[in-house]
1. Under a crude label model (7 Å from the Cα following the beta-carbon direction), how far is B:Q73 from A:L313 in nanometres?
2. Give me, ordered by chain and number, the residues 5 or more places off B:L138 or on other chains with an amide H under 5 Å from its own placed amide H.
3. Quick one: putting +1 on the C-beta of Lys and Arg, -1 on the C-beta of Asp and Glu, what dipole do you get for the protein assembly as shown around its Cα centre, in Debye to the nearest 20?
4. Two decimals is fine: what's Rg over Rh for region A:18-104, C-alpha atoms, Kirkwood radius as Rh?
5. Under a point-charge model restricted to the Cβ atoms of Lys and Arg (+1) and Asp and Glu (-1), what is the dipole moment magnitude of region A:109-270 relative to its Cα centre, in debye to the nearest 20?
6. So what J values fall out for region B:210-225 if you push phi through Karplus, 6.51 cos²θ - 1.76 cosθ + 1.60 with θ = phi - 60°, rounded to Hz, Gly and Pro as x?
7. Could you give me the radius of gyration and the Dmax of the protein assembly as shown, taking only the C-alpha atoms into account and expressing both in angstrom?
8. For chain A, what class follows from the C-alpha gyration tensor (a ≥ b ≥ c being the square roots of its eigenvalues): rounded when a/c is under 1.5, otherwise prolate if a/b is larger than b/c, else oblate?
Amino acid sequence: MAKQLSKTQPIRFMPGSIIVGKWHQKHYQIIRPLGYGARGTVFLAYGEHGRVALKFGFDNAGVISEVNVLNKFSKVQGESLGPSLYDVDDWVTKQKVYAFYAMEYIHGLPLLECIRVRGFEWMPIFVLQLLKDLGRLHEAGWVFGDLKPDNLVVTSSPLQIRWLDVGGTTQIGRSIKEYTEFFDRGYWGFGIRKAEPSYDLFAVAMIFVNAADGCRIEKGQDSPKAKLIRYIQSHQKLAPYADVIVQALHGEFSTAEQMRKVLLEKIDETPSRVQRISKDRVAKRKSKRKVEWKGALLLVSVVLLVYTLYVALFIM
Amino acid sequence: MKKGRLKQILLITDGCSNQGEDPSAIAALAREQGVAVNVIGVVSEDQTMDGGIQEVEDIALAGGGISQIVHIQQLSQTVQMVTRQAMTQTIQGVINQELQQILGDSQSMDDLSPEKRGPVMDVVDELSETVNLEVCILVDTSASMEKKLPTVHEALLDLSISFNSRMGSNQFCLYAFPGKHKPTDQLLSWTPQIDSISHAFSKLASRGITPTGPALKGALKSFDKRLRRDLATYGEAAIEDATD
């Protein structure tokens, strides 16, 4: 939460600072901050595993809770679902003891940025990938919880969506500890905050919506549910997938695999349309480039003309 | 440790108290009786609460709870977070007491190695999911709060969604201050679900005085009615063995 005025300031380090753990004596050199979240701050650092992500929480109990999740998580991982956990330790300063952990640094492009660069036609594919991973997570008895674009990156060759921060992962049947309003079904009035697969699938649907415009629509005062559904059905990019998205919002899929299957069918139904959009986009980009080039040429000639006039009138 | 019950007062206010007892003293009294006092100070965009911030923090500190100053737009998530954090903090306090009895000296969770802390934290998480929770919500309805009340209402409904997603049971009650004739009026008696407060909120007339201390005292009494039904108490801690 960006605007909180509380005294709990996020921990800050100068680039180059050395962190030494109290218990394991491992050294980390801070490179730069990666992100300030609601529950802590993540820094990029050099450690003995090369580049790692260091997470410092606002409260030490929260850090240990997350480490517990990561530990149990690693037992689920066949192909790694989230980042691997390397080290847990305390950083002792004069004022306070900060618990932190080191995990794998996943280098990639944030999801929304990737969609902006590559085009929306990639979105259904990333969602398919995401649903496959979620399915495995759910089968192991876990729900991701705080699923949102900020927690997702796309790594390259091949393009693959990966999870960044799995701190909100919750055992099925418990209550969701951590959520972001836009992606939370409780906020929109679609259900309670109990950890079950359909809770994550709601968030997936909202990520789809978020990616279409790159912004988050306002909830508003009257009938937010109906407004949201109308928005999805009338949106040019979302309309082909509106049925799947709305079904996920209503919690009609009980497994990620079900949603994945229906989405796959939808994609098969609308290939030509997607292709046309992509060609238009490429054409538009090209023409835009041409216009820019022409503009530059015009500017150069005007400057030359003015200069010649100047020379002709004042110097000669 | 058996499944217990955990008691909290949640005070939502936007300024300084100006009548009656020192609210921090009442908060300290609540803490002695096993009730944690959490305080959320709400400010709107065009308003600051310079003097109020200190009081908000003091009350929570004395009451063994958590304080947070937020803009009104962020109230929903803050209410949820503060209540949950306070719950964890109380449970940790109890666990630390137990650890001290077992390990001696001034050992607390933070003195354990991260490897040993893990299983302890598992217990804390397990308890905060299953413990029975009683929250007495105390809302400042003095003149300056009037415009914020619809958002407060929404935040409380949201809190009810969050907590009814837990495995443990919940009881809420709602008080507003200043009251018509007393420092505080009860709007809602103990109930598992907050969904019937819209009419109660619309009836409120905002008044000028802010008797935070006496209002806290009134809220604290709400637990008495429930306490009589409880037979056993768990030491001085805020968790009691449930008898129901």
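1. Simple spin-label model gives 5.2 nm for this pair.
2. B:L10, B:L11, B:I12, B:Y175
3. Working: 65 positive and 63 negative charges, 436 e Å.
Charge dipole of the protein assembly as shown: 2100 debye, to the nearest 20.
4. Numbers: Rg = 12.5 Å, Rh = 13.2 Å.
Rounded to two decimals, Rg over Rh is 0.95.
5. Values: 20 positive and 21 negative charges, 31 e Å.
Computed charge dipole of region A:109-270: roughly 140 debye.
6. After applying 6.51 cos²θ - 1.76 cosθ + 1.60, I find 10, x, 4, x, x, 5, 4, 4, x, 5, 4, 5, 4, 6, 4, 4 Hz.
7. In order Rg, Dmax, the Cα atoms of the protein assembly as shown give 27.2, 108 Å.
8. Details: a/c = 2.10, a/b = 1.22, b/c = 1.72.
Oblate, because a/c is 1.5 or more while a/b does not exceed b/c.
Bear in mind these aren't lab numbers, they're just calculated from the coordinates by the rules spelled out. What you see is a predicted model, and the numbers here were worked out from it, not measured in a lab. Heads up, the Cβs are rebuilt from the backbone with ideal geometry, glycines too, and the neighbour counts pull from every protein chain shown.
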